[in-house]
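For reference, the structure discussed in these notes is given below.
The values are calculated or read from the model by the stated rules, or taken from the named source; none is laboratory data. From a predicted model like this one, the values you see are computed outputs, not experimental measurements. Don't worry about glycine lacking a Cβ; one is built from the backbone with ideal geometry, like all the others, and counts go over all protein chains shown.
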Amino acid sequence: MTPIETFSLIFLATILLLVSEIEHKVVVALLAAVFSVYFGVSYGLYEIEDVYHMMDIETVLFIVASLILFESLNETGFFKFLSLLVFKKLRLKGLFVVYLLLAFATLFSGIAENTITMIIMTEITLSIFTPRKVDPRATVAMEGVMSNVGGLLLPISSIPGLIVATRKNIGAEEFLVIDTPLIFILLGVTILYYRFVLAKQEARIEELQVIVDDPWKAVENKSVLARSLLIFSLFIVGVLVSDKLGFTPSYVAFFFVTLMFMFSGENPRRILSKISWDVPFFVACFSIFVESLDRAGVLALVGSYLEPLISASAFLGPFVLLLISGVFSSVIANVSVVLLLLPIVDRISSISGLNPHPLYWSMIIGSNIGGGLTLYGSVPVLMAASLAEKEGHKISFGLYAKKVAPAVFLQLLVSDFYILLLEILGVL
Amino acid sequence: MMVSSNFTVGAWLFVMIFCVAFDLGFTVYKYVKKRFDEIYSAESVLPKRIIHGVVYLIFLVLAYEAIRVRVEGELFAGLLFLVYIAFSAVAFFIVVDIVVSLRKLRRKRIA
């Protein structure tokens, strides 16, 4: 067998395992990495010492540090406190409660890990909906979808964004400039969809009301909250200016992890035990696999099929790529989609002379939002569904496809036209 | 007489290798089938059973290639042949499993 045949088989097996979810995604990534390294070294594609460079250690370290900082802030009860405080101040009723919940899901996932966001949001939503006997399923699922949208806010907000940002040197300012308007547009579109489609199917929604006694009850220790919030805010600023300081984002992040562990008053052991370790493991192993595919020539082969679609027109390329990343992300984990598509996009742009920048943005946006097309496509949605089911509100595949997936499709289309508009305006 | 003796030894070796390899392959398949039956007891997960079967077939091809790429030359030809027969035996039964699952799935869809 030739290297390209062998690696094509590894690629096929990996995709089948990811799509069918027979094994945990970390096991799949480990399997793909182990096979790839064995054959890569045996065929002489690279030396065993090269594997450490293929792991993309900078991205992996930054992910670990960000997860630690997110979890530290979450442990203080900050997010629950903030949402309760806003509900108390605004005294909203009916549909406005839902709109605020959607806005919170978007905002929180912009500054926290989206699984953490969904745990908090599902808990708050169920506590508001259940006493009034209002069906919370569509709302909880829509919060999962909005959590994907919020992941566009900063490079640290989602793993796909973070991977593209660290590898292609896309700064946090650029994320804010390009994604903030889009997030507001998508929030508006989703609210309109909820108002005119979902709200009509739930008559009791107008009875929703939030009664908050004391928001501070969500906070265990005010001093720990203040210190953690300060360190976290400095971390965000530090990441924004990391290139001006001459340090890598991962170094800056670990600097603030050290500060957090030393001065926040939180227990490092407890924080470390709550981290989603599967994320850095998956990224490290999958990076080795993708790099091996690249060296074996498989990605060039896949790229040759995608090239006519993407390079047909400088304007339509990003449009098509956004849809491709979106649809792929609804079937396999969006991290794998980005890791696979990134070298393909680089190859296509170098062959066709296309500006790769709009293509990177298409990938970031498409992979973040597209996961919501199916119930099993994105972690926040899946998390929301499983948490709701635990409380007796089962979100079936059919219900999701009927009520929520059209909204995600709408979001993808709006994002596509947004990218097109930025290209026409010369922003991208 | 000499040729005939060599041929007999060769044939005996072939039959022995074939039997050992087939037995090994069947034993491995029994383990795989037990695992499949445990995970995919319900009919609703038949498509997953089929995908799992296909993935195992790919793994067999990769496992054979992994050995082939490391051991080359006539010295290891016998070993490679043994591995080939063993893997083919496992693959044969997995293909049968896939075909049976496909037929069950088809029957279920018609019903």
For a quick check of your reading: which helices (runs of 4 or more DSSP H) sit entirely within the stretch A:16-81 and have at least 3 residues that are farther than 22 Å from residue A:329 by Cβ and in contact (Cβ under 8 Å) with a residue 24 or more places away in the chain? A:25-42, A:57-75
Among the residues of the stretch A:307-322, which ones are buried (at least 18 other Cβ atoms within 10 Å of the Cβ) and not in a loop (DSSP other than H, G, I, E, B)? A:307, A:310, A:317, A:318, A:319, A:320, A:321, A:322
Residues located in the stretch B:59-86, provided they are aromatic (Phe, Trp, Tyr) and within 14 Å of chain A (Cβ to nearest Cβ): B:59, B:64, B:84
Whichever residue in the stretch A:370-428 is touching a Pro at 6+ places or on another chain (Cβ under 6 Å) and in a helix (DSSP H, G or I) and, among such residues, is nearest to residue A:326 (Cα to Cα): A:419
Can you find even one residue in the stretch B:91-98 that is out of contact with any Leu (no Cβ under 9 Å at 6 or more places or on another chain), closer than 17 Å to residue B:21 by Cα and either surrounded by fewer than 18 Cβ atoms within 10 Å (Cβ to Cβ) or more than 14 Å from chain A (Cβ to nearest Cβ) (or both)? yes
Right, residue A:278: closer than 19 Å to residue A:27 by Cβ, out of contact with any Leu (no Cβ under 9 Å at 6 or more places or on another chain) and in contact (Cβ under 8 Å) with a residue 24 or more places away in the chain or not? yes
Within the stretch B:15-34, is even one residue surrounded by 11 or more Cβ atoms within 10 Å (Cβ to Cβ) and within 14 Å of chain A (Cβ to nearest Cβ)? yes
Residues of the stretch A:230-282 that turn out to be in contact with a Ser or Thr (Cβ under 9 Å, 6 or more places away or on another chain) and outside any helix (DSSP H, G or I), as a count: 5
Given the options A:406, A:308, A:380, A:343, name the one that is in contact (Cβ under 8 Å) with a residue 24 or more places away in the chain, over 18 Å from residue A:143 (Cα atoms) and of a type outside the set (Val, Ile, Thr). A:343
Condition (residue is hydroxyl-bearing (Ser, Thr, Tyr) and more than 21 Å from residue A:377 (Cα to Cα)) applied to the stretch A:286-296: is it met by at least one residue? yes
Exposed (fewer than 14 other Cβ atoms within 10 Å of the Cβ) and either within 14 Å of another protein chain (Cβ to nearest Cβ) or closer than 24 Å to residue A:17 by Cβ (or both) - does that describe any residue in the stretch B:44-58? yes
Among the numbered criteria (1) within 14 Å of chain B (Cβ to nearest Cβ); (2) touching a residue at least 24 places away in the same chain (Cβ under 8 Å), which single criterion is violated by residue A:13? (2)
Here the residues within the stretch A:1-15 that are surrounded by 18 or more Cβ atoms within 10 Å (Cβ to Cβ) and not in a helix (DSSP H, G or I) are none
Which numbered condition residue A:123 fails, given (1) modelled with pLDDT of 90 or more; (2) touching a helix residue (DSSP H, G or I) at 6+ places or on another chain (Cβ under 9 Å): (1)
Filter the stretch A:147-169 down to the residues that are assigned to a loop (DSSP other than H, G, I, E, B), in contact (Cβ under 8 Å) with a residue 60 or more places away in the chain and among the hydrophobic types (A, V, I, L, M, F, W, C) and list them by number. A:152, A:154
Checking residue A:376 against (1) of a type outside the set (Asp, Glu); (2) within 17 Å of the chain's Cα centre (by Cα); (3) buried (at least 20 other Cβ atoms within 10 Å of the Cβ); (4) at pLDDT below 90, which test does it fail? (3)
Residues (closer than 19 Å to residue A:75 by Cα and either free of Cβ contacts under 8 Å to residues at least 40 places away in the same chain or polar (S, T, N, Q) (or both)) located in the stretch A:108-146: A:109, A:114, A:115, A:117, A:122
Being at pLDDT 85 or above, surrounded by 17 or more Cβ atoms within 10 Å (Cβ to Cβ), within 14 Å of chain B (Cβ to nearest Cβ) and in contact with a Ser or Thr (Cβ under 9 Å, 6 or more places away or on another chain), is that true of even one residue in the stretch A:41-61? yes
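Matching residues to (1) modelled with pLDDT of 85 or more; (2) crowded, with 24+ Cβ neighbours inside 10 Å; (3) within 20 Å of residue A:153 (Cα to Cα); (4) over 20 Å from the mean Cα position of the chain (by Cα):
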position	(1), (2), (3), (4)
A:292	yes, yes, no, yes
A:303	no, no, no, yes
A:324	yes, no, no, no
A:327	yes, no, no, no
A:359	yes, yes, yes, no
A:364	yes, yes, yes, no
A:367	yes, yes, yes, no
A:370	yes, yes, yes, no
A:391	no, no, no, yes
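A quick yes/no check of all residues on (1) touching a residue at least 12 places away in the same chain (Cβ under 8 Å); (2) in a helix (DSSP H, G or I); (3) under 17 Å from residue A:154 (Cα atoms); (4) touching a Phe, Trp or Tyr at 6+ places or on another chain (Cβ under 8 Å):
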| position | (1), (2), (3), (4) |
| --- | --- |
| A:176 | yes, yes, yes, no |
| A:189 | yes, yes, no, no |
| A:200 | no, yes, no, no |
| A:205 | yes, yes, no, no |
| A:216 | yes, yes, no, yes |
| A:227 | yes, yes, no, yes |
